[in-house]
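Remarks on the structure that follows.
Taken together, the values in this text are just the output of simple stated rules run on the coordinates, not laboratory data. None of the values given here were measured: they were computed from a predicted structure. Neighbour counts run over all protein chains shown; Cβ positions are idealised from the backbone, glycine included.
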Amino acid sequence: MMASKGGSYDSVMPDMKLWAEIIFLQNFTKNTNIKFVVENVKPYYEPFVKPTIKLGRHLFWTNIDIPEIEIKDGLTHNERGSSEKGYFDLREFKLSHRKDQIIRNCVDPDVGKYILDCVVRPEELKLT
């Protein structure tokens, strides 16, 4: 097994299941009332399927209209093991991954609410 660029962890082959799901949803929800949103943190490689929108560090593939908004670069981790906005507190968990990385990879709840609002109340979010 090859090591990462910095040698701090073993390299892992990308999991292609995400791309299969996106391709399936894009092709089998056409002309239906089914709405979908798939999220992923921007990968280290060029995405195989162009995202519909990028908000902060996150890419989204969807069949709903999500107007672009400016997003700060996601949640940050503080020295106490929680997000600076107070949404997540991982101090009590024994995790195999770095806590700061887990928090950075979380979708900011405000972004999640914005996306849900685009589905539920799209007419109120139209940017002029």
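Placing unit charges on the Cβ atoms only, positive for Lys and Arg and negative for Asp and Glu, gives segment 14-62 a dipole magnitude near 160 debye about its Cα centre. Under 5 Å from the amide H of Arg57 lie the amide H atoms of Gly74, each residue being 5 or more positions distant or on a separate chain, with H modelled from the backbone and absent for Pro and chain starts.
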